[in-house]
Amino acid sequence: MSSNPKFVTLLRNLLEASIEGKVQWKETPIEDSFRLILDRTIVRVSRTFDEVLERTCYSVSLVDTEGKSLDEMSSVHTEDKTELRLLMDLFEVARRRALDVDGLLDGLIQTLNKKR
């Protein structure tokens, strides 16, 4: 778990860049996990359900090109509501971008409008 101020700043900047469409998130083989490659570093955001804690957990991890874990932040290890919101928001934006949810919705809306 990281409450490293630089890591939190990175996540805030990453959230902003993701909202603006400046970075490209991709699906991973793991359900509810998305990644992006940024300057030879892999950023992975994930959502899991912890059966012991009986709650949804969010995490962000940085991994180098050789698979070594560099830093991470998890909702399991933070009680800071701002950090928790940051993790949740980053996951949701990454998911929507990777799955092109807005593009899909636009297509469905157009299809329905043609049927009127």
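The values are calculated or read from the model by the stated rules, or taken from the named source; none is laboratory data. Small disclaimer: the values here were computed from a predicted structure and weren't measured. Note: ideal-geometry Cβ built from the backbone for every residue, glycine included; neighbour counts use all protein chains shown.
Remarks
Residues are listed down the side, and each one gets a yes or a no for (1) in a helix (DSSP H, G or I); (2) under 18 Å from residue 45 (Cα atoms):
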residue: 76; (1), (2): yes, yes
residue: 82; (1), (2): yes, yes
residue: 88; (1), (2): yes, yes
residue: 108; (1), (2): yes, no
residue: 116; (1), (2): no, no
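- Among (1) free of Cβ contacts under 8 Å to residues at least 40 places away in the same chain; (2) part of a helix (DSSP H, G or I), the one test that residue 66 misses: (2)
- Scan of the stretch 63-116 for residues that are β-branched (Val, Ile, Thr) and closer than 23 Å to residue 38 by Cα, ordered by number: 63, 65, 93, 101
- Every condition in (1) touching a residue at least 24 places away in the same chain (Cβ under 8 Å); (2) surrounded by 16 or more Cβ atoms within 10 Å (Cβ to Cβ); (3) of a type in the set (S, T, N, Q) is met by residue 75 except one, and the failing one is (1).
- Filtering the stretch 18-63 to residues that are closer than 14 Å to residue 99 by Cα, assigned to a loop (DSSP other than H, G, I, E, B) and of a type in the set (A, V, I, L, M, F, W, C) leaves 23, 25, 30.
- Residue that is modelled with the lowest pLDDT [pool: residues in the stretch 4-49 that are surrounded by fewer than 11 Cβ atoms within 10 Å (Cβ to Cβ), farther than 16 Å from residue 86 by Cβ and among the basic types (Lys, Arg)]: 40
- Scanning the stretch 63-73 finds no residues that are touching a Phe, Trp or Tyr at 6+ places or on another chain (Cβ under 9 Å), polar (S, T, N, Q) and closer than 17 Å to residue 11 by Cα.
- Residue that is surrounded by the fewest Cβ atoms within 10 Å (Cβ to Cβ), among those in the stretch 90-106 that are in a helix (DSSP H, G or I) and in contact (Cβ under 8 Å) with a residue 60 or more places away in the chain: 95
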